[in-house]
Amino acid sequence: MAQQRYLAQVDMGKLVSLCKRRGLVFPGSEIYGGLGSTWDYGPLGVELKRNVKEAWWRATVHRRDDVVGLDAAILMHPRTWEASGHAEGFADPLMECTSCNQRFRTDDPRLAAPIKFGPQATLYEMPRRTCPDCGGVGTLTDPRMFNLMFKTFVGPVEDSASQAWLRPETAQGIFVNFASVLAATRLKLPFGIAQIGKSFRNEITPGNFIFRTREFEQMELEYFVKPGTDDQWLDYWLKERLNWYLGLGLRQENLRLREHGKDELAHYAKACSDVEYRFPWGWAELEGIANRTDFDLKRHSDFSGQDLSYFDQETGERYTPYVIEPSGGVDRTVLALLVDAYDEEPDPTGKEKEVRTVLRFHPDIAPVKVAVLPLSRNEKLVPTARQVYATVRQRFMAQYDDAQSIGRRYRRQDEVGTPLCVTVDFQTVEQDNQVTIRHRDTMAQVRVPIPELVPALEEQLAAMGQTSGPTA
Ligand code: ATP
């Protein structure tokens, strides 16, 4: 059972401000006024993100015999995108303002609202064909298709021969390496190739903090199977992937699988379901899990002239494998974890007037696992506290903090989701060589001898992992 939460609904404004204040996520290029929907992960955010990626890599690659990893280049041969269909099909119908050149999706809600004009008493309305951005100065063109891939040039000459694209998904790097991986590893079907990396999409309507951005990180697995077994493997991966999110500590009631209707399916997909999370603005996709059939391997085979089929030694058949693709977003997972963990509770001791803000992260995900806090900066305490810190950080991502009152320091650690704090006090140095371990969620405190501290911390982190979901 996940820890009981006090808050019914998370206020995104408060979450975004906490992320900035505590070094989780900063607005990108802020000193220059920012760059539309780019975000930078700060000292604690980078730890959180790494924990997500490492949990995925452990579950998808290290703990399986049938999946290997890959780290392909972001820049790929332009033919890749012709074969994948992105050069032609990865586009949205957009209307462009003839004055300010801003582009709008045809379903932009601002276009639906009619324009009101005229004196206050007799307002006239007309349908929105004028630009909502430049105050009705420009008119909008008919919808045209715009490609969402970022264009760049390879080498010093900017002409069509040197034109390339930043990848809009990591998957194609896997397909073009299919034969090389097979030759290098001698894997037998079914097997998968996993990759984590940056992707780029010139999204028209980025937003909702790190939910939809133009530069983001994906965690993708292409799992190759024998045709005819694809339906059952899709079912298998739906369950695996949903369980993975539960294992990170996300609440069951905030997660669901949603199957795509036939009209929603990409042209290459036989079936697809999304893992969705209940964000403050509604249910939205964390990950798509699709049966991409043999579309990609066949297309790359046709476009490259290379054989991308598989010889089945057991049956003596040669065929092109089908592929099941679980494709998730690192940033969206980070956001779901932040939303799910965010809580405010009244101080149970009644001593502090402020509410206590806590990020109730699963310990595997928490950016800092243990904080070492001397009761004060008193010179009697510091050497022991430093020594304890040196020991603890050998095993855990740890922080040392001796600024301000101990109560404030506990609150600061709660706010970034640190599961355990270790306090060194006068009793430690003068009497018993024991320290206090204080729990983030219950605020309970126990004393343990310093030589037993590391195993005690291990045990208590494992126990906390059990109460906020199965360990990742
Ligand atoms: P959406 O419809 O929400 O834009 P999509 O269906 O286009 O997403 P996919 O192409 O299935 O997304 O990409 C797989 C995953 O990559 C998504 O589930 C999401 O986690 C992540 N992702 C895709 N686009 C973005 C983006 N612009 N910003 C952040 N993450 C993204």
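See the values below:
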quantity	calculated
Checking PHE104 against (1) among the aromatic types (Phe, Trp, Tyr); (2) crowded, with 16+ Cβ neighbours inside 10 Å; (3) assigned to a loop (DSSP other than H, G, I, E, B), the condition it does not meet	(3)
Matching strands (runs of 3 or more DSSP E) fully within the stretch 123-170 where at least 1 residues are at pLDDT below 85 and surrounded by 13 or more Cβ atoms within 10 Å (Cβ to Cβ)	144-147
Flag if LEU234 is within 15 Å of the chain's Cα centre (by Cα) and within 16 Å of the ligand (Cβ to nearest atom)	no
Strands (runs of 3 or more DSSP E) wholly inside the stretch 378-468 containing at least 2 residues that are crowded, with 16+ Cβ neighbours inside 10 Å	398-400, 420-424, 434-439
Residues that are within 12 Å of the ligand (Cβ to nearest atom) and crowded, with 22+ Cβ neighbours inside 10 Å, drawn from the stretch 287-306	GLU287, ILE289, ALA290, ARG292
Qualifying residues in the stretch 443-460 (those that are in contact (Cβ under 8 Å) with a residue 40 or more places away in the chain and over 20 Å from ARG360 (Cα atoms)) - the one farthest from the chain's Cα centre (by Cα)	ILE450
Contacts under 7 angstrom Cβ, first residue in the stretch 172-194 being under 21 Å from ALA59 (Cα atoms), partner part of a helix (DSSP H, G or I) and modelled with pLDDT of 95 or more, 6 or more apart	PRO190/TRP233; ILE193/ILE174; ILE193/VAL181; ALA194/THR60; ALA194/VAL61
Any hit, the stretch 76-93, residues being outside any helix (DSSP H, G or I) and on the phi > 0 side of the Ramachandran plot	yes
Residue match in the stretch 28-47 (condition: closer than 18 Å to LEU15 by Cβ, of a type in the set (Phe, Trp, Tyr) and either modelled with pLDDT of 95 or more or touching a Cys at 6+ places or on another chain (Cβ under 7 Å) (or both))	yes
Contacts under 6 angstrom Cβ, first residue in the stretch 77-99 being without any contact (Cβ under 8 Å) to a residue 60 or more places away in the chain and buried (at least 19 other Cβ atoms within 10 Å of the Cβ), partner outside any loop (DSSP other than H, G, I, E, B) and of a type in the set (Val, Ile, Thr), 6 or more apart	none
Residue match in the stretch 317-326 (condition: away from the ligand (no atom under 16 Å from the Cβ), over 27 Å from SER199 (Cα atoms) and surrounded by fewer than 13 Cβ atoms within 10 Å (Cβ to Cβ))	yes
Residue within the stretch 216-231 that is within 22 Å of THR170 (Cβ to Cβ), touching a Lys or Arg at 6+ places or on another chain (Cβ under 6 Å), within 11 Å of the ligand (Cβ to nearest atom) and of a type outside the set (A, V, I, L, M) present	yes
Residues of the stretch 171-210 classified as of a type outside the set (S, T, N, Q), within 16 Å of the ligand (Cβ to nearest atom) and in a loop (DSSP other than H, G, I, E, B), total	6
Filter result (touching a helix residue (DSSP H, G or I) at 6+ places or on another chain (Cβ under 7 Å) and β-branched (Val, Ile, Thr)) within the stretch 255-311	VAL275, ILE289
Hits in the stretch 255-264 (condition: more than 11 Å from the ligand (Cβ to nearest atom) and over 16 Å from the mean Cα position of the chain (by Cα))	ARG256, LEU257, ARG258, GLU259, GLY261, LYS262, ASP263
Filtered residues of the stretch 150-170 (kept if under 25 Å from the mean Cα position of the chain (by Cα) and either away from the ligand (no atom under 16 Å from the Cβ) or hydroxyl-bearing (Ser, Thr, Tyr) (or both))	LYS151, THR170
Test: residue in the stretch 81-104 that is over 24 Å from ASN202 (Cα atoms), touching a Lys or Arg at 6+ places or on another chain (Cβ under 9 Å) and of a type in the set (A, V, I, L, M, F, W, C)	no
Residue check, LEU335 within 29 Å of ARG438 (Cβ to Cβ), within 16 Å of the ligand (Cβ to nearest atom) and at pLDDT 95 or above	yes
Entirely in the stretch 11-69, the strands (runs of 3 or more DSSP E) that have 2 or more residues that are touching a Lys or Arg at 6+ places or on another chain (Cβ under 8 Å) and surrounded by 13 or more Cβ atoms within 10 Å (Cβ to Cβ)	25-27
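The values are calculated or read from the model by the stated rules, or taken from the named source; none is laboratory data. Quick caveat, the model's predicted, so the values are computed rather than measured. Reconstructed Cβ throughout: ideal geometry from the backbone, glycine too, with neighbour counts over all protein chains shown.
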